[in-house]
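Before any comments, here is the structure.
Only the coordinates and a few stated rules stand behind these numbers; no lab work does. From a predicted model like this one, the values you see are computed outputs, not experimental measurements. Cβ atoms come from the backbone with ideal geometry, glycine included; neighbour counts cover every protein chain shown.
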Amino acid sequence: MKDKILIDTSVWIEFFRKSGSEVSTKLKGILSEERAVVTGIISLELQRGAAGETELKFLDRFLAAIHYIPTKEESYKNAGFMGYNLSKKGIHIGTVDLLIAQAAIENSIPLYTLDKHFKEIARHFPLLLFA
C-alpha cells in the first residue's frame, strides 16, 4: 500500500462542500495520483450524511472507484484495546474514529484528517498523519 493515504470523512466533507479550499485542492491531487483509500466505516459515514437519493447514488459510484481497505475482524478488537488504553489516560475517542485510526495503523498508511483528536491518538499509538 505504498504511497496510499486513508482519507477521513472530515476531508471528504470539506472536499465536496468547499471545492476551492486548500484541503480540496490537496485531495484532488491525491485522487489524480490514485493514492486515496477508504474503509467501510468512512463510506458509511459519507452515505449516511447524503442529502438525498441523487447524492447517495453519486457517492455510491464515486466511492466504488476509490481503493478500498476491508476491515478485518481483528481490527475491531485492536481498536477496542486502543480505546480502552486511551480512556485509562483520560482520552475519550469515539468508536468510529478508533476504527479509522486502527485501519490506518494496520495498513501502515497515513490518515488525512481535519479532526484534531487523531493527533492525540498519534501521540500514543503509531498512527501516521498526512500533512
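Details
- Computed [θ] at 222 nm, deg cm²/dmol, the chain (DSSP H ≥ 4; -39,500 (n - 2.57); rounded to nearest 500): -18000 deg cm²/dmol
- Magnitude of the charge dipole, the chain, Cβ model with Lys/Arg +1 and Asp/Glu -1, debye to 20: 280 debye
- Among the listed pairs 2/26; 72/119; 4/26, those with a Cα-Cα distance over 20 Å are 72/119.
- Within the listed set 66, 109, 100, the residue fluctuating most in the Gaussian network model of the chain (springs between alpha-carbon atoms under 10 angstrom) is 66.
- Along the axis of the charge dipole computed for the chain (Cβ charges of +1 for Lys and Arg, -1 for Asp and Glu, origin at the Cα centre), the listed residues 41, 20, 129 are led at the positive end by 129.
- Neighbour-count ranking [beta-carbon atoms within 10 angstrom, fewest first] of 115, 97, 60: 60, 115, 97
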